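Just below is one structure, and these are the notes that go with it.
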Amino acid sequence: MQQGEGNETEVTWEDQQNINTFGRLNNKFHELEDDIKLKKEMLENLEDASNELILTDEDVVRYQLGEVFCHMPKDEVEERLEALKEENQKELEHLEEEKDAILAQMANLKTILYGKFKDSINLEED
Amino acid sequence: MATSPSERRGIPAAPFVHDVQTYLSQSGLETNVALTTLQERLQQYKLAEMKLLAQRRDLQAKVPDIKKCLAIVQSLISKQGTGEEITLDFELAEGLYAQALIPETQSVCLWLGANVMLEYGCDEAEALLRKNLENAHISLQAILEDLQFLRDQVTITEVTIARVFNWDVHQRRKKRQASGESSA
């Protein structure tokens, strides 16, 4: 919130609530960005693991389960990796959808708040 | 007009100021004193926010741990009735691994904390771990809601500070103009 020229525009409870909502959405947006980044890394790692698995000659590979490495036939690991990839892909899509919805709501609130307060309010980052 | 709850888990809600002039005259505070009070309040909110963020971090770290345990227990269950052994490498010390054979098993031991380990049937262990995971999610959700409430109060206080400040600037300017006109 900027401390501007001292223009006096009345701030109502409704305005305050809009500002609160905007703040919440902005926070959520950043959290989602972080989550999406992590998910993408996870997917890349899984993809790398799958590719390595195709290249290897070993029939039995070590698959990390919790703290230990399980000796597991290549086929089973392949299945597990595919299942994980699918699960993570779905989660990623879900996060992206949520992000888009939040951006739309933020754009909407920006129109309302800028419409009322003009340059007395600053909703941009940096 | 909607009103928000006056407090949540001992965190008082920030009062919303409808009109700065009325607020200052009713509280009988000088502008500077009012600003200091508001700043102090803001600091307290920020402190509470940091505590909640730490709690959230701890809980978020717990979730993957529980998931790891679940994955292992589920693997053990999937081997039940097949008579197969599981061969695995486990860590003896940092960077030092040994091989172990785990025969088909009906039970596992769960570390419950406080130096207690208890043997559970695999299915029971899975149920318990699922329950723990669910509880962790519920606590996490509660903390997220607390955080949202807290952030609203931070925003309200910040906006109030800006408004009191602006109002003060405005008043000074008016005074200066008035004195400029009278002396001219």
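FYI, it's all coordinate maths here, none of it is from the lab. Owing to the predicted nature of the structure, the values given are computational and were not obtained by experimental measurement. Counting neighbours? That spans all protein chains shown, and the Cβs are built from the backbone with ideal geometry, glycine included.
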Across (1) in contact (Cβ under 8 Å) with a residue 12 or more places away in the chain; (2) over 25 Å from residue B:57 (Cβ atoms); (3) within 14 Å of chain B (Cβ to nearest Cβ), residue A:88 clears everything bar (2)
Review point. Quick check: anything in segment B:167-181 acidic (Asp, Glu), loosely packed, with under 14 Cβ neighbours inside 10 Å and over 24 Å from the mean Cα position of the chain (by Cα)?
Key: yes
Check your understanding: Got at least one residue in segment B:120-132 being loosely packed, with under 12 Cβ neighbours inside 10 Å and either touching a residue at least 40 places away in the same chain (Cβ under 8 Å) or in contact with a strand residue (DSSP E or B) (Cβ under 6 Å, 6 or more places away or on another chain) (or both)?
Key -> no
Output for Cβ contacts, cut-off 6 Å, separation at least six or different chains, first residue more than 15 Å from residue A:77 (Cα to Cα) in segment B:74-91, second surrounded by 14 or more Cβ atoms within 10 Å (Cβ to Cβ) and not β-branched (Val, Ile, Thr), reads B:76/B:122; B:77/B:122; B:89/A:69; B:89/B:97; B:91/B:97
Restricting attention to segment B:114-172, the residues that are among the β-branched types (Val, Ile, Thr), facing chain A (nearest Cβ under 10 Å) and within 17 Å of residue B:11 (Cβ to Cβ) number exactly 4
Reported set for segment A:40-80 where residues are under 32 Å from the mean Cα position of the chain (by Cα), within 14 Å of another protein chain (Cβ to nearest Cβ) and either crowded, with 16+ Cβ neighbours inside 10 Å or assigned to a helix (DSSP H, G or I) (or both) is A:42, A:62, A:63, A:65, A:66, A:68, A:69, A:70, A:76, A:77, A:79, A:80
Within segment B:1-48, the residues that are part of a helix (DSSP H, G or I) and surrounded by 17 or more Cβ atoms within 10 Å (Cβ to Cβ) are B:20, B:23, B:24, B:34, B:38, B:41, B:42, B:45, B:48
Counted residues in segment B:56-91 being within 11 Å of chain A (Cβ to nearest Cβ) and not in a helix (DSSP H, G or I) come to 8
